[in-house]
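The values are calculated or read from the model by the stated rules, or taken from the named source; none is laboratory data. The shown structure was predicted, so the numbers you read here are calculated from the model rather than taken from an experiment. Reconstructed Cβ throughout: ideal geometry from the backbone, glycine too, with neighbour counts over all protein chains shown. Areas reflect the complete protein model, heavy atoms only, side chains present, ligands, DNA and RNA absent. Shrake-Rupley method; radii C 1.70, N 1.55, O 1.52, S 1.80 Å.
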Amino acid sequence: MSRIGKQPVPIPAGVKIEIQGTHIKVLGKKGNLERNVRPEIEIVEQENTLVFNPKGTSKKVLAFWGMTRSLVNNMVVGVDKGFSKKLMVEGVGYRASVNGNTLTLNVGYSSPVNFSLPAGIAATVDKDNSITLEGIDKELVGLIAAQIRAIRKPEPYKGKGIRYFDEHIVRKVGKAGGKK
């Protein structure tokens, strides 16, 4: 039995859900999300909650049960509250700026790196070179944050690069002078 799959998903006020077979559409104040779910999982709407029932007891079906519940829960939370990821740009002369849907990063390369943000993702840059990504799709927000971080991963000697806000970089000791 899936501990996650057994839990019902509460539907907040202002969120509408349309279920048509294996297709689910979630409409909220921040936007709309759609997804096709696995046919092995049945979704039933009961009294402002969504209940997920597996059609079988195989290990594969039970794994899909918990995964489907998590994906739909992320859709409901996304259209109601949204998701955000925060990245820090650290290094001497390293800067970030946003203009429309283009994020410009000066991170030690010979020319600035322009990163195009997809539809549904908004970015803001603070004075302290922190990038905040916001959107309703948790999967897309995390993917874009990972792609931006991959432009200049943090290095372990000085900590320069782009890192997640809550990420801890394990520092290494640099060269020690040769003693004779």
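Please compute, over every Cα-Cα pair in the stretch 92-180, the percentage with a separation greater than 20 angstrom.
Working: 1575 of 3916 pairs.
Cα-Cα pairs in the stretch 92-180 separated by more than 20 Å: 40 percent.
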Each residue of the stretch 50-56 in order: what ³J(HN,Hα) in whole Hz does its phi give by Karplus 6.51 cos²θ - 1.76 cosθ + 1.60, θ = phi - 60°, with x for Gly and Pro?
10, 10, 10, 10, x, 9, x
Among the lysines, select those whose C-alpha is under 20 Å from the C-alpha of Lys25, and discard any that sit fewer than 8 residues away in the same chain.
Lys16, Lys81, Lys138
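Counting helices only, and only those DSSP H runs with n ≥ 4, report the 222 nm mean residue ellipticity of the chain as the sum of -39,500 (n - 2.57) divided by its residues, in deg cm²/dmol to the nearest 500. Spell out each step's value before the answer.
Working: 3 runs with 40 residues, N = 180.
Helices in the chain give a 222 nm mean residue ellipticity of -7000 deg cm²/dmol.
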How are the alpha carbon pair distances in the chain distributed across 10 Å bins from zero to the largest one, expressed in percent?
9, 29, 23, 20, 14, 4, 1, 0
Rounded to the nearest 20 debye, dipole of the chain from Cβ charges on Lys, Arg, Asp, Glu:
1160 debye
The Cα radius of gyration of the stretch 34-97, divided by 2.2 N^0.38 Å with N its residue count, comes to 1.73
To the nearest 0.05, the calculated FRET efficiency linking Ala150 and Lys29 through their beta-carbon distance, R0 being 35 Å, is 0.60
Could you calculate, for the stretch 1-50, the ratio of the Cα radius of gyration to the Kirkwood radius, expressed as Rg to Rh?
0.96
Whenever you get a sec, compute what percent of the accessible area on the stretch 38-180 sits on carbon and sulfur atoms (1.4 Å probe).
51 percent
If you add up the charges near Gly14, with Lys and Arg at +1 and Asp and Glu at -1, over every other residue whose beta carbon is less than 13 angstrom from its beta carbon, what do you get?
+3
Averaged per residue, what accessible surface does the stretch 1-102 expose to a 1.4 Å probe, in Å²?
59 Å²
